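Encoded as structure tokens, the structure appears first; notes follow it.
The values are calculated or read from the model by the stated rules, or taken from the named source; none is laboratory data. No experiment lies behind these values; they were computed from the predicted model shown. Cβ coordinates were reconstructed from backbone atoms using ideal geometry, including for glycine residues, and neighbour counts include every protein chain displayed.
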Amino acid sequence: MRSEVFQTLLAGALLTALYSLVGVRYPFLAATLSALIWLVPIYGGVLAVFVAGIIGWFTGWQTAVLAALVTVLVLVIMEYVVQRRIYHDSLYWGTLVVILMLVLGDAFGIIGLIIAPPVALIVQMLVDEVLDRNRVFSPDAARGTLAIMRTDLDNLMERINSFEVKAHPTIGDLAGRLERLVEVEQGEP
């Protein structure tokens, strides 16, 4: 939701400046309408260009064409530059949005189409939280985890060495591998 609001405000600001440059009579009104209409799923971009052309038509046909072209330019920049920086790679589930748009659009009509993207984002956030997929550990937490692993490994080695009966070679080999992995992660030679 924050990124959609940010993109809408940015598009509105850019459109206001560009509409005033091309001579649209009411640039702020045209930019506000175009930016808000752009939020309509699937057809929003086409409708925004159409509205910009109609508002530009009040000044003249040249202004209408320029307003439509400027709107296309800004929306392409929003879609292919800004949105790519906000939605990193495949973190945003487009398929889920389409499925929810079909289901909610069938159930609730145009209201369902409008609420489907936020609902899809909420569902995605809940699933990501449950799966803990995007958890990032800080270096301090990683060092603490390695220290705990080192302590546990030392305790394990003591227990293996304290057995009266010789441990199975596989256990000793496994413990040795774990020790080498912890040493590599800690940066020890």
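Structure notes:
- Filter result for Ile37 (in contact (Cβ under 8 Å) with a residue 60 or more places away in the chain and either in the same structural domain as Ile122 (by TED's automatic domain parsing) or closer than 30 Å to Leu126 by Cα (or both)): no
- Considering (1) within 30 Å of Glu129 (Cα to Cα); (2) touching a residue at least 12 places away in the same chain (Cβ under 8 Å); (3) surrounded by fewer than 17 Cβ atoms within 10 Å (Cβ to Cβ), the lone condition that Ile115 does not fulfil carries the number (2).
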